[in-house]
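**Q** Pasting a structure below so you can have a look.
The values are calculated or read from the model by the stated rules, or taken from the named source; none is laboratory data. Keep in mind that this is a model prediction, so the values were computed, not measured. All Cβ positions, glycine included, derive from the backbone under ideal geometry; neighbour counts span all protein chains shown. Surface areas here come from the heavy atoms of the whole protein model, side chains and all, with no ligands, DNA or RNA. Shrake-Rupley method; radii C 1.70, N 1.55, O 1.52, S 1.80 Å.
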Amino acid sequence: MSAPYAPQKSLIKSLNRHTNGKPRITKLWQRTAVLAATVLALSAFVPLPASAVTSPQAVVAAPIAVKAAEATWTTIREPSTPHNTTLYVSATSVADKTFLKFDTAQYTGMSVVSATLDVKVASTTSTAPGVQVYPASSAWSASTLTEANRPAHSDQELSGATVRALTGQTMSVPLSGLNGTALSGSTAFEVRYAQKFVSTSFVGKGEARPTLRLVLAAPGSTPGSTPGTAPGTAPGSATGSDNLSFAVPGANTTGKKVFAHYFPPYPISIENKAPASDYYAINYLTAPGEGGIHANYGGLLRDRPEGRAPLPGDWKLTDMKKEVTDAADAGIDGFTVDIMSLSGLNWERTLDLVQGAEQSGRNFTIVPNLDMTASAGKASIATIAAKLAELYKSPATYRLSTGEFVLSSFAAERQNAVWWGQLKSTLASQYGIKTAFIAVFLNASDENLKSFAPISYALSNWGTRTPVTIENGPDYAAKARALGVKWMSPVAVQDVRPRSYLYDEAGNTETLKASWKRALSNGSELVQLVTWNDYSEGTSFAPSAAHGEAFLDINAYYLSQFKEGSAPAIVKDSIYVTHRIQPYAATPTTPQQLMSPTLSGTAMKPRDTVGVLTFLTAPATVTVSIGGKKTSFEAPAGESSRTFPLALGTIGASADRNGAQIAAVTSPYPVVARPVVQDLQYYAASSRTR
């Protein structure tokens with residue numbers, strides 16, 4: 001088990017200092033209001049950006065939530081009586097029909113990529129699935145519709161009769177029959193029950209109105225394609241990954257889910273300055289930064305998000321949409337966002353992230369992850385529930401097919417299962433939000449697993465970071481299944497913590513491979529990447545200054561295998577190299593306390609190696625250059641890796657087939673004998689063009 005993961009107090013203080021200690025209440029509530037309005041306004045439309053109107057490849061937010069404009073029902077028992085009072089289905093599926101109408105004029109001509117109908121159930125006697133949804137003419141008014149004048153019934157079912165009604169829960173009915181169709185001014189449905197002799201009452205008033213959730217492609221884009229996919233892109237792949245060596249499944253296109261843990265303190269930019277002079281460069285990456293409070297360990301960070309030039313307009317939201325897009329393009333289904341605080345800068349970033357997911361054009365989801373080591377986890381249940389309810393208003397928050405919203409955690413054992421049960425009950429009773437809980441432990445002991453299983457949808461742990469400890473660790477997935485719940489496997493690439501004076505020997509990409517091997521072999525249903533962007537622990541997968549998109553690319557190969565059930569076919573040749581920029585025992589030129597390679601508790605001997613990972617369509621000769629010395633070997637088709645001794649100087653690799661070079665990479669990170677500060681993270685570079 002890794003050392004306890006605790007947000008650094010000085011980091012939070014420094015961020016407060018960065019805003020001059022003044023809470024950004026006005027901006028926070030503006031953003032909260034925008035988020036609430038997006039989901040709760042009577043029209044419930046996400047505004048369509050001007051670019052989406054003019055660009056033939058634009059897509060709208062995923063998903064868009066459209067509340068029913070009209071809703072009523074008819075019955076053969078009262079053929080001439082309108083029932084514009086509530087939604088109700090009773091007695092037999094033949095006798096009663098529900099009619100729903102949605103105003104989709106704003107999206108006329110746009111193609112449906114995916115659609116889901118949400119209807120809240122007031123009460124039911126049903127014991128089996130489910131409802132059937134059919135297209136209907138919109139030429140009716142709820143105030144006058146009766147059995148005698150209702151639209152003719154269509155035999156084209158849009159849904160499968162697979163969703164069961166449960167009292168008090170929301171039915172989410174996938175409307176696959178709507179995929180690829182173009183919207184018009186109004187979209188109407190006829191809803192029937194698949195069983196005879198059932199009695200079901202649907203809630204239809206106020207904010208509980210039925211909701212149509214849509215992912216749309218603009219006119220001119222390929223009907224039925226993955227959101228954000230450009231014409232000609234392979235189905236299921238994403239625009240940002242179209243020059244990878246393999247196809248990557250789109251976000252939320254398979255049953256298995258992969259989430260990445262998002263850490264709000266480290267967004268792409270903190271204050272929208274040029275990278276050379278921004279807060280990362282001046283205060284986090286230097287030993288004297290933030291008044292010297294990080295001097296003893298050579299600076300807070302060793303890596304940072306990829307730099308960018310200052311942006312106009314709402315740059316924070318633009319950055320969040322890019323992070324969502326980067327993750328979705330790599331096959332990630334959503335972020336488990338670390339809820340560190342319930343107000344202030346980190347909370348505002350959480351709101352931005354949710355809004356970014358809504359407007360990203362990706363079918364990307366957000367899972368609130370309550371951090372029990374931070375201030376949010378120390379608040380009262382009532383306060384926590386109220387703030388979580390704000391997030392769950394967003395259509396981007398992840399829900400199961402049962403209608404339950406997913407709630408995750410960090411260090412769940414800091415409160416007992418009874419406390420978590422009370423939080424779940426408060427969300428349900430006070431806000432009508434039923435949750436499926438994922439308990440993520442720092443200590444996944446048998447006692448904790450057994451205690452939390454009855455209130456959990458899935459169990460997980462933060463995990464270890466060396467190949468040895470991962471491979472020899474307990475079979476937690478089997479323990480979870482024995483307790484009747486799912487298991488979420490942790491997947492990590494490395495872990496380096498200067499401020500804790502600890503690190504783990506990741507063995508180039510061996511920790512990453514070992515993590516995925518466990519997730520694949522133990523039949524995990526879920527995976528959490530640990531982490532997307534915690535640069536203070538060196539665990540980031542996000543595009544960064546130290547590894548670009550390389551780790552995200554490599555991870556996508558094993559992710560695809562996890563989600564699709566088999567390794568993806570290699571369709572393009574590429575090479576990745578990984579290495580440190582110093583020998584592990586090198587002495588830095590800046591005085592500091594050095595790190596020990598014992599983070600996971602069991603020491604793994606550190607090593608000085610260069611990793612060469614190849615994805616090849618056919619065998620090729622690979623030549624590795626390390627500090628001017630060249631070594632060649634024959635690499636097989638498919639995925640393959642080799643390691644070589646580290647040396648000072650420049651590192652590169654190339655691949656040749658039939659006398660022609662097919663791929664080459666030169667690492668931009670030279671290896672030095674005396675680094676400025678101790679830097680034991682693995683850097684990475686690739687031959688892939690971006």
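**Q** What whole-number value in cubic angstrom gives the convex hull volume per residue for the C-alpha atoms of the stretch 481-549?
**A** Spread over its residues, the Cα hull of the stretch 481-549 gives 109 Å³ apiece.
**Q** Right, something else. Could you give the length gained by full extension between W315 and R674, i.e. 0.36 nm per residue of separation minus their alpha carbon distance, to one decimal place?
**A** 125.4 nm
**Q** Another question, then. Could I get the Rg over Rh figure for the stretch 333-374? Both from C-alpha atoms, Rh via Kirkwood, rounded to two places.
**A** With Rh from the inverse mean 1/r over Cα pairs, Rg/Rh is 1.00.
**Q** From the phi angles alone, apply the Karplus equation (6.51, -1.76, 1.60; θ = phi - 60°) to the stretch 464-473 and give each ³J(HN,Hα) in whole Hz, x where the residue is Gly or Pro.
**A** 10, 10, 10, x, 5, 5, 6, 5, 9, x
**Q** What's the long-distance tail for the stretch 606-675, i.e. % of Cα pairs beyond 19 Å?
**A** So the portion of pairs separated by more than 19 Å is 33 percent.
**Q** Need the full-extension length gain, T666 to V418, defined as separation in residues times 0.36 nm minus the C-alpha distance. One decimal, nm.
**A** Net length gain for the segment: 83.8 nm.
**Q** Compute the distance from the alpha-carbon center of the stretch 668-690 to that of the stretch 482-557, in whole Å.
**A** After rounding, the separation between the Cα centres reads 19 Å.
**Q** Taking just the C-alpha trace of the stretch 258-351, give me its Rg and Dmax in Å.
**A** Using the Cα atoms of the stretch 258-351, the pair Rg, Dmax is 14.4, 40 Å.
**Q** In addition: Between N658 and S566, take the C-beta separation as r, use R0 = 22 Å, and let me know the FRET efficiency to the nearest 0.05.
**A** Efficiency at R0 = 22 Å is approximately 0.15.
**Q** Still on this structure, I have one more. Add +1 for every Lys or Arg and -1 for every Asp or Glu among the other residues with Cβ under 12 Å from the Cβ of F410, and state the total.
**A** Taking every Cβ under 12 Å from that of F410, the sum is -3.
**Q** A further question follows. For a quick size check, give me the Cα extents of the stretch 303-368 along its three principal axes, largest first, whole Å.
**A** 29, 27, 26
**Q** How much of H83 can a 1.4 Å solvent probe reach, expressed as accessible area in Å² and rounded to 10?
**A** Per-residue accessible area (H83): approximately 20 Å².
**Q** Whole-Hz Karplus ³J(HN,Hα) for the stretch 117-123, in order, using 6.51 cos²θ - 1.76 cosθ + 1.60 and θ = phi - 60°, x for Gly and Pro?
**A** So the Karplus estimates, Gly and Pro as x, are 9, 9, 9, 7, 9, 7, 7 Hz.
**Q** With θ set to phi - 60°, apply the Karplus curve 6.51 cos²θ - 1.76 cosθ + 1.60 along the stretch 294-301 and write out the HN-Hα couplings as whole Hz, x wherever there is a Gly or Pro.
**A** 3J(HN,Hα) across the stretch 294-301, in whole Hz: 9, 5, 5, 10, x, x, 5, 10.
**Q** Starting from 0.36 nm per residue, how many nanometres of slack lie between N179 and Q156 once their C-alpha separation is accounted for?
**A** 7.0 nm
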